[in-house]
Structure formats: structure tokens, C-alpha cells
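Below is one structure, written out as C-alpha cells; comments come after it.
Laboratory data are not the source of any read-out in this text; all were calculated from the coordinates shown. Note that the structure is predicted; figures quoted are calculated from it, not measured. Note: ideal-geometry Cβ built from the backbone for every residue, glycine included; neighbour counts use all protein chains shown.
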Amino acid sequence: MQISSLSFRSITIAASLLAAGASAHADLTIPANALVADSVQAFSSDAQDAFAAQEVTVSPLGNATAVTGVTSAFRLPITTITIGAGLKITKGDAKGSALQFARVYRGNTVALTLANFTINYVSKQVLADVTPKGGTTVAQQAIYNFHTATPLGIKYQFPLKITGHEVLDQLFLTEETKDSFMTALALPKAIRGVLDIVDFGTLTQDIAVKFRAKPVSNKPYVPAP
């Protein structure tokens, strides 16, 4: 009897998860771009007000898409998951996804793009490639510090159903990313104090061993020059 390719891939993923748990010395990175696995960035009302006050628009690029029916929320497909000892997830990546923040300043469009997101559970930070329009990319800059509201737990159900859910909140910009926003968007000096106190919202991760109709690209997003 032949095993279907999807069944084989499911078994491979499950075996990889178990192997990661058995290893005490090495992390294991598992492709997730073919699975229904998403991170949703939902900007808080305070963040939305701050954007509106400076006429900043947020647009999804690459793999990222707006969440239907939800204001200022964006779906970022998870492309890889890294698991360490004891089945603890150490990081998750959303390569190929980007969010562009833009405004018109003195007749010209200025913009900042955050792309190729990584949630680092060791440092408790969200990282991304940061690119000002027409400028140089800073690879994997820490953009947010976060608090874990609902810890990520992997659940197993016979025979091979694997799911996970997590909510991260209290997303506050790092000092370097405040600088990036201020410079790239040519924001007034007074806005720096606003960026110090604005909670940018939540990141919600949902993972399931259920295959997408078509895998998302796992190639890093590169902003246009």
C-alpha cells in the first residue's frame, strides 16, 4: 500500500517534532510554509490613533495580507519554526512577509518597511529587516519587546493532529526602531514621546498540521529600491 505524499509529509513533521524534543543539544528548524500556520499582527487603537495623527498608512507586502473584517490587522504566514530541548519553541519566522509604513512629507512619500519577521522566545523580542525608502536595510533588527499573554503550547491528538496557539501582547518599540520610525518617516520631534508609550498591540500565532492549498514562498522579502 502506498502512503500519500501529504500523509508522508505529516509523518515527517511529527517525527521531526519528536526528534527535536529528544535532543538536548541541538535546535531543529522545521519548514512550516506548507502548513496553515499564521501570525496575526493586530495594531492597538492607540497605535492606530498615532498613525492617523501623522497620516501614516500601513500596507501589507509579500506574503502578508490584511485580515478581512478586522481594522489594522495583518496575517503573516509562518515559514519556519525552530524547536529546542524539551519541545520548546525557540523562534518562529515569517519570511517573505512585510509591512510598509508610509506618509507624505513636503510633497514626497517617505516610508519604512519591516520585513522577514522573527519571534525570538529567548530574548523575548520580535525582529525584522528594517528598510527606509531609498536607504540601507538593517537585517534582523529588534523591533518590539513583548510579553507572553497566552504561552504557546503544542498539542497532540492521535494520530497526527498537532496544533498550537499563542498570544503576545505589550508590543513596545525598541529604542533603535523608534529611531528608525522617526528618521524614515520624518516625524516631528514631539512624536518620539508618543512612541515611548504606545503599545503596538498583539501578535497571535495559530499553527496546525493542515496543509495550505499552495505553500507560501519562504524567500526573504526585499523592498524595491
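Counting Lys and Arg as +1 and Asp and Glu as -1, each charge on the Cβ, what is the dipole of the stretch 50-112 about the Cα centre in debye, to the nearest 20? Don't skip to the answer; put the middle values down first.
Details: 6 positive and 2 negative charges, 25 e Å.
For the stretch 50-112, the charge dipole is close to 120 debye.
How do 198, 58 rank when sorted from fewest to most other Cβ atoms within 10 Å of their own Cβ?
On the way: 198 21, 58 17.
Least crowded to most crowded, the residues run 58, 198.
Here the chain is treated with +1 on each Lys and Arg Cβ and -1 on each Asp and Glu Cβ, and its dipole about the Cα centre works out to around 660 debye. Under a model in which nothing but the beta-carbon of Lys, Arg (+1) and Asp, Glu (-1) is charged, the stretch 64-155 shows a dipole of about 100 debye around its Cα centre. Mean residue ellipticity, 222 nm, helices only, the chain: the sum of -39500 (n - 2.57) across DSSP H runs of n ≥ 4, divided by residue count and rounded to 500, is -6000 deg cm²/dmol.
Using the Cβ-Cβ distance between residue 53 and residue 73 with R0 set to 22 Å, the FRET efficiency works out to roughly 0.65.
Length gained on full extension, residue 155 to residue 208, computed as 0.36 nm times the residue gap minus the Cα-Cα distance: 18.1 nm.
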